[in-house]
Amino acid sequence: MQKIEILVGSMLGATEYVADAICEKLQEMGIPNQLHLKPDIADLDRTALWLICTSTHGAGELPDNIKPFSKQLEEQHFPHLSYLLVGLGDSSYDTFCEGAKQMQKDMDKTNAELLAEPILVDVLQHPVPEDEVIAWFESDHIRNKIQSWLQR
Ligand SMILES: Cc1cc2nc3c(=O)[nH]c(=O)nc-3n(C[C@H](O)[C@H](O)[C@H](O)COP(=O)(O)O)c2cc1C
């Protein structure tokens with residue numbers, strides 16, 4: 001069966017909580033999945049759907065644990081790969097969710113297909129970001145996208 005690879009970029013753990021919540025949801029749905037807390041191209045299944053969850057740190061930078069993966073993407077070509085993107089950030093920074101936006105640019109360059117509009121969660125408005133992300137994940141729009149990907 002098709003699987004979902006969950007890639008996490010997190011500095012302080014908030015995005016990891018979000019990824020854990022998605023993992024639980026996928027378990028309930030009976031969809032095989034794997035969590036990657038230190039994403040590395042060599043460990044990832046390229047036939048899987050990738051769900052990339054990342055926060056932003058520094059001045060609009062990716063978290064340290066996912067920076068090497070972003071670098072690895074420079075040499076990749078993924079014309080058959082699909083992915084979803086979840087960003088966490090704080091709107092008091094003028095570099096709101098730049099990490100997730102950077103990740104989207106990196107993935108775009110590989111020719112991977114972004115399956116749906118990314119969700120960018122403002123932790124200032126939503127102190128429990130996993131609630132927002134799970135609502136997005138369970139929306140008809142995202143469920144339908146995942147179901148049609150699974151049936152490909
Ligand atoms: C030192 C520091 C720098 C940050 N810089 C940004 C930023 O440039 N843009 C943004 O949208 N959020 C920024 N944030 C907010 C984090 O992205 C937000 O708190 C997020 O929930 C952290 O998730 P994590 O615990 O998974 O790393 C920053 C937070 C800290 C502590």
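The values are calculated or read from the model by the stated rules, or taken from the named source; none is laboratory data. Remember, predicted model here, so these are calculated numbers, not experimental data. For neighbour counting, all protein chains shown are included, and Cβ atoms are generated from backbone atoms with ideal geometry for every residue, glycine included. All accessible areas refer to the heavy atoms of the entire protein, side chains included, with ligands and DNA or RNA removed. Shrake-Rupley method; radii C 1.70, N 1.55, O 1.52, S 1.80 Å.
Tabulated data
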quantity	calculated
Dipole magnitude (debye, nearest 20) for region 1-85, charges at Cβ of Lys, Arg, Asp, Glu	120 debye
Principal semi-axes in Å for region 70-152 [√(5λ), Cα gyration tensor, largest first]	23, 20, 7
Integer Hz, Karplus 6.51/-1.76/1.60 couplings in order for region 47-55, x for Gly and Pro	9, 7, 8, 9, 10, 9, 10, 9, 8
Surface accessible to a 1.4 Å probe, Y93 within the full protein complex, Å²	120 Å²
Region 94-152 - charge dipole about Cα centre, Lys and Arg +1 at Cβ, Asp and Glu -1, debye rounded to 20	380 debye
Point-charge dipole on Cβ atoms (K/R +1, D/E -1) for the chain, about Cα centre, debye to 20	500 debye
Solvent-accessible area per residue, Å², over the chain with all protein chains present [probe radius 1.4 Å]	50 Å²
Candidates D20, D140, D40: whichever shows maximal mean-square fluctuation once the chain is modelled as a Gaussian network with Cα springs under 10 Å	D140
Accessible surface ranking that places the most exposed of H57, H36, H80 first, with a 1.4 angstrom probe	H80, H57, H36
Whole-angstrom gap from region 106-125 to region 1-68, using each part's C-alpha centre	13 Å
Residue-span extension gain [K25 to W149] - 0.36 nm each, minus C-alpha spacing	42.9 nm
Set of lysines with alpha-carbon distance to K25 below 18 Å, sequence-local pairs under 8 removed	K3, K145
Theoretical ellipticity at 222 nm over the chain - DSSP helices of four or more residues, -39500 (n - 2.57) apiece, nearest 500	-10500 deg cm²/dmol
Spherically averaged projected area of region 1-95 from its Cα convex hull (nm²)	6.5 nm²
Considering only region 15-152, percent of DSSP beta bridges that pair antiparallel, nearest 5	10 percent
The chain - percent of accessible surface contributed by carbon and sulfur, probe 1.4 Å	47 percent
